[in-house]
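Worksheet: the structure to be examined is printed underneath.
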Amino acid sequence: MRRLILFIPLVVFMALGVLFYKGLQLDPSELESALLDKPFPAFSAPSLSDENKLVTEQDLKGKPALVNVWATWCPTCKQEHAQLNRIAREEGVIIYGINYKDDRSAAKEWLRRYSDPYVLNIFDADGALGVNLGVYGAPETYVIDANGVIRYKHVGAVDEKVWQTLKGVLAEVSL
């Protein structure tokens with residue numbers, strides 16, 4: 001019996017090794033969202049540009065769009081920003097922004113400096129909307145259909161490769 005007890009740490013170590021190895025094979029940009037195929041969460045938050053104007057989930061309905069969670073403190077958000085500007089300008093895609101846990105004046109200055117691809121920007125200072133969306137961190141991008149239903153979620157920067165995937169999903173929800 002005592003000899004069997006000596007093997008317990010070895011078995012636990014091997015089991016943990018297998019779990020860690022499996023975890024390394026996962027793609028962090030393919031995190032599942034509990035909100036896929038569900039309506040965008042109900043919210044009421046101020047606009048980034050005008051703190052007296054409230055934005056709700058109703059403002060996101062009407063046409064398929066991207067919803068991009070971003071912040072000035074996020075280096076990856078800066079990396080993807082030129083691509084978002086290109087998508088909005090050249091492809092004519094509607095992009096809504098959620099400025100996540102940020103400073104309002106810094107965010108406004110950032111958009112002035114680097115250009116603003118967003119049709120409207122929601123100011124989520126305390127991260128409440130982000131929590132309801134299941135945001136892991138910035139940037140994250142969602143595809144919503146004309147009824148405001150979340151059809152796809154991407155975690156990480158939107159580059160040309162990711163844009164091709166998002167574009168395909170947008171085409172599907174536009175049918």
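Assorted remarks:
- Of all accessible heavy-atom area on the chain, the percent that carbon and sulfur account for (1.4 Å): 59
- Note that the chain presents 59 Å² accessible area per residue, ligands and nucleic acids not counted, probe 1.4 Å.
- Residue (of VAL158, PHE123, SER174) at the positive-pole extreme of the range 119-175, dipole from beta-carbon charges: SER174
- When the convex hull of its Cα atoms is viewed from all sides, the range 75-170 shows a mean projected area of 5.9 nm².
- Dipole check for the chain: with +1 at the C-beta of Lys and Arg, -1 at the C-beta of Asp and Glu, and the Cα centre as origin, the magnitude is about 520 Debye.
- Taken one residue at a time, the phi angles of the range 120-135 give Karplus couplings (6.51, -1.76, 1.60, θ = phi - 60°) of 8, 10, 8, 8, 10, 4, 9, x, 4, 5, x, 4, 5, 7, x, 5 Hz. Gly and Pro are set to x.
- Legend: distances between Cα atoms for LYS53/LYS167; LYS61/LYS167; LYS53/LYS108; LYS61/LYS108; pairs beyond 22 Å are LYS53/LYS167; LYS61/LYS108.
The values are calculated or read from the model by the stated rules, or taken from the named source; none is laboratory data. As the structure is a prediction and not an experimental result, all values here were calculated from the model. Neighbour counts are summed over all protein chains in view; Cβ atoms, including those assigned to glycine, are modelled from backbone coordinates with ideal geometry. Side chains included, ligands, DNA and RNA excluded: accessible areas come from the protein's heavy atoms. Shrake-Rupley method; radii C 1.70, N 1.55, O 1.52, S 1.80 Å.
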